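Reviewing the structure listed below.
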């Protein structure tokens, strides 16, 4: 009976040790998978941020160029309108002088 208990106890400890080793292997494998996935995620996040910064910089440059273009167009339109107003004023003055001349003659 004593020998039988020793064998059972030995089997129990071997089984327990096997279970602990298998559990450790599974945990190690899962930890490695988790670490790999986290590293992949970090890599993707860095790539995404770099791409986002490039897009922001490109959009800022494009916006700056559009502002310059709009300012130039605004100045051109302002000069054109001022010239048009001056021409209209001259035309009105001409018509007034012409009417006055016709009235005086």
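Per-residue answers, yes or no, for (1) modelled with pLDDT under 95; (2) within 20 Å of the chain's Cα centre (by Cα); (3) surrounded by 10 or more Cβ atoms within 10 Å (Cβ to Cβ); (4) in a helix (DSSP H, G or I):
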site: 20; (1), (2), (3), (4): no, no, yes, yes
site: 39; (1), (2), (3), (4): no, no, yes, yes
site: 49; (1), (2), (3), (4): no, yes, yes, yes
site: 61; (1), (2), (3), (4): no, yes, yes, yes
site: 82; (1), (2), (3), (4): yes, no, yes, yes
site: 97; (1), (2), (3), (4): yes, no, yes, yes
site: 102; (1), (2), (3), (4): yes, no, no, yes
TODO: Please tell me if residue 35 is in a helix (DSSP H, G or I), without any contact (Cβ under 8 Å) to a residue 12 or more places away in the chain and surrounded by fewer than 10 Cβ atoms within 10 Å (Cβ to Cβ).
DONE: no
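The values are calculated or read from the model by the stated rules, or taken from the named source; none is laboratory data. Note that the structure is predicted; figures quoted are calculated from it, not measured. Note that each Cβ is placed from the backbone with ideal geometry, even for glycine, and that neighbours are counted across all protein chains shown.
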